[in-house]
1. Of the options Ile208, Leu55, Ala149, report the single residue whose Cα projects farthest towards the positive end of the charge dipole of segment 55-210 (beta-carbon charges: Lys, Arg +1; Asp, Glu -1).
2. Taking 0.36 nm per residue of separation and subtracting the Cα-Cα distance, what length does fully extending Lys93 through Glu338 add?
3. How high is the relative contact order of segment 107-195, in percent, counting Cα pairs under 8 Å that sit 6 or more residues apart?
4. Give the long-range amide H neighbours of Thr199: residues separated by 5 or more places, or on another chain, with amide H under 5 Å away, using H modelled in the peptide plane at 1.01 Å from N.
5. Using the Kyte-Doolittle scale, which helices in the chain average at least 1.6 and also have C-alpha atoms spread 30 Å or more along the helix axis, with helices defined as whole DSSP H runs?
6. Would you kindly state the longest site-free stretch of the chain, with sites defined as GluC sites (Glu not before Pro) in a DSSP loop (not H, G, I, E, B) surrounded by at most 15 other Cβ atoms within 10 Å?
7. Need the full-extension length gain, Gln189 to Tyr275, defined as separation in residues times 0.36 nm minus the C-alpha distance. One decimal, nm.
8. Hey, if you put +1 on the Cβ of every Lys and Arg and -1 on every Asp and Glu Cβ in segment 86-146, which of Val111, Thr126, Asn101 ends up farthest toward the positive end of that dipole?
Amino acid sequence: MKALLTVLLLLVLVVAAVAGYVWVAIEKPYGQVPAEGVFVEIPHGVSQRTVSRLLASQGIVRSAAAFELYARRHPRRSLQAGEYFFDHAMSGKEVYWKIANGEVYVQPFTVKEGDTIYDIAHNLETAKYMMADEFVKAAQDASQVKDLAPGAKTLEGFLYPATYNLPRHASGGDLTTMMVRKFREAMQQIAPERLDPQTPGTSLLSVITLASIVEAETPKPEERPLVAGVYTNRLRKDMLLQCDPTVIYALRAADKYKPPLLLKDLAYASPYNTYVHAGLPPGPIGNPGETSIRAALSPAPTDYLYFVANTQGGHFFAATLAEHNQNVAKYHRLLNGEAADPPVPETPHTRSAGAAHKGKR
């Protein structure tokens, strides 16, 4: 009897010790994570046991058995595949919920409104996400938008401006897929009927091409419908668009652009050069945001045919060439630090009025 009690007591002590160890393994932070952190890749389709052993081998959890036991207590949750980053010691429970909630490691990357394929590629390489050439190659494959824009030659215009959370080893194709998906989601909110290439009227490719030109021409959202109205009017009248950003785009695509744009550049041989070729260029010259897309879909009703910068980030608009030439002169005066309008020539009448005014003082 005494021996039996001793055995039972030992069993109780062993169970208590095991339970205590499991509790510590699950509840207490474990490990000395190096300063640079640890990445752990959870493959698709692996078992809880495999994940537990992987985490233990990387020093993320204290005990593979304790982690697996805790995971089995939550049969309705599964451990999500992906790459996880650990930069500090965590308890087994915290590690479990991090993986069960799919908190994979991502890096934010922002595509700004108006960015071209080449801008995006440069920014990706600068941030060390991928080589620029890899992204450009992926973006030149237009197959993802053939159902939307059968005439598209690249994905330019369809890489929607937004902030994207990228996995550490994202490929160019992964990123373009995310961007095109975002474009489709945005268009579903802006103009869902335009997602059908059979929609009567202007094609989606033409809409996005015009929107990209509008985006490139003005940073002011309130001006974009007016700029779209100007170009729509010029298209209706079969006037050359004479849009500098289209020439810059053509030169950049050929790796020949050296700012500033020069007069000789306006003769550059390219279908994108709207000083040489009538109508819209063959595709977008950047990736427009919502405001520019809406402006292209609904240009302002106006008789304006021209515009020129006003040195304040906006533009002077004109309906006639004579008015435009006056605005150009105004622009140059402002650049020279002069008043926008020329001084009124002095006449005998203005002299007497000035004298009379001074006399009243």
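Every number here is computed from the coordinates shown, using simple stated rules; none is lab data. Here the structure is a predicted model, which is why all the values come from computation and not from measurement. Here the Cβ is made from the backbone with ideal geometry for all residues, glycine too, and neighbour counts use every protein chain on show.
1. Of the candidates, Leu55 comes out farthest on the positive side.
2. Answer, rounded to one decimal: 81.2 nm.
3. RCO, segment 107-195: 33 percent.
4. So Thr199 has HN proximity to no qualifying residue.
5. 2-27
6. The reported range is 104-337.
7. Going from the current span to full extension adds 27.5 nm.
8. Toward the positive end, the furthest listed residue is Asn101.
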